[in-house]
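Undergrad: Okay, handing you the structure first.
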């Protein structure tokens, strides 16, 4: 007995709004109406306005920061490389001024305490801003301990005359010198005198050869300008000795030639 074939159900045309079609997006639905388009335009305009307001606020803040006054330190005079921060601070070799924020150099020091424990690594001109780039930590072992009438002089001595191996940087010494002399009676001789008292040792060589070695080495002393002249002359004319002083409560006998205090 013949059977009737079943035909598949026919489906009507599908569209975005048909029951069987994909749902239309909410944005597309809004854009499809004039009211929706107006709403979207208003939202976009408000968003753009918000971005503009944020930009203007940041810009005004930046302008205020650049135009606001900020304190910086400048050199009161030309400063040579190796000048200690303490010397600058304690001798008034700086000035504190106010500049606009955009005129302050990168790393500019704003307070004098920032100078302490440092030394200049380059020559600095008067009125130049003092910045971290022009300073290094610590103090130069020689120039950092000099000021005013003080001078650093390298004195050539051998191990015996210079107490090499006994003196060290920071020691206090007496500088003795000998000169050829012709006293009354016509007999030639040598005169030993004190050239400088309480001289500070700034640098010493490494001990080589031991006591009695004839090898000449150099000890750097801090002396006054006058003492440096006497010691240099004695080094050329005869011998120079370094006598070690007591580290504390050293005393000087009265009546000895040569007065002064090692560059103090």
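Undergrad: Want the number for residue 103 to residue 48: 0.36 nm per residue separation, take away the alpha-carbon distance, what's left? Intermediate results must be reported in sequence, preceding the final value.
TA: Details: separation 55, 0.36 × 55 = 19.80 nm, distance 3.41 nm.
Stretched fully, the residue 103-residue 48 segment lengthens by 16.4 nm.
Undergrad: For segment 95-134, report the convex hull volume of the alpha-carbon atoms normalised per residue, in Å³, without decimals. Don't skip to the answer; put the middle values down first.
TA: Values: hull volume 3.0 nm³, N = 40.
Spread over its residues, the Cα hull of segment 95-134 gives 74 Å³ apiece.
Undergrad: Based on Cα positions only, what radius of gyration and what Dmax would you give for segment 44-145, in angstroms?
TA: Final numbers for Rg and Dmax: 19.5, 70 Å.
Undergrad: Follow-up. Where does each of 131-141, 190-200 land if you order them by average Cβ count within 10 Å, highest first? Intermediate results must be reported in sequence, preceding the final value.
TA: On the way: 131-141: 15.2, 190-200: 19.4.
Packing order, densest peptide first, comes out as 190-200, 131-141.
Undergrad: Note the full-extension length gain between residue 96 and residue 253 as 0.36 nm times their separation in residues minus their Cα-Cα distance, in nm to one decimal.
TA: On the way: separation 157, 0.36 × 157 = 56.52 nm, distance 4.81 nm.
The span from residue 96 to residue 253 would gain 51.7 nm if fully extended.
Undergrad: Listed highest first by mean packing, meaning other Cβ atoms within 10 Å per residue, what order do 83-95, 234-246, 41-53 come in? Intermediate results must be reported in sequence, preceding the final value.
TA: On the way: 83-95: 18.5, 234-246: 15.8, 41-53: 10.0.
Those peptides, ordered most packed to least, come out 83-95, 234-246, 41-53.
Undergrad: Using alpha-carbon positions, what is the distance between the centroids of segment 126-181 and segment 38-56, in Å?
TA: Each part's Cα centre sits 71 Å from the other's.
Undergrad: Also, quick follow-up: Where does each of 96-105, 163-172 land if you order them by average Cβ count within 10 Å, highest first? Intermediate values should be presented prior to the final figure.
TA: Values: 96-105: 13.7, 163-172: 16.9.
Packing order, densest peptide first, comes out as 163-172, 96-105.
Undergrad: Additional query: What is segment 111-172's relative contact order, in percent, from Cα pairs under 8 angstrom and six or more apart in sequence? Let's see the in-between values first.
TA: Numbers: 28 pairs, mean separation 15.8, N = 62.
Relative contact order, segment 111-172: 26 percent.
Read the figures in this text as sums done on the coordinates, not as results from a lab. Because the structure is a prediction, the values reported are computed rather than measured. Note that each Cβ is placed from the backbone with ideal geometry, even for glycine, and that neighbours are counted across all protein chains shown.
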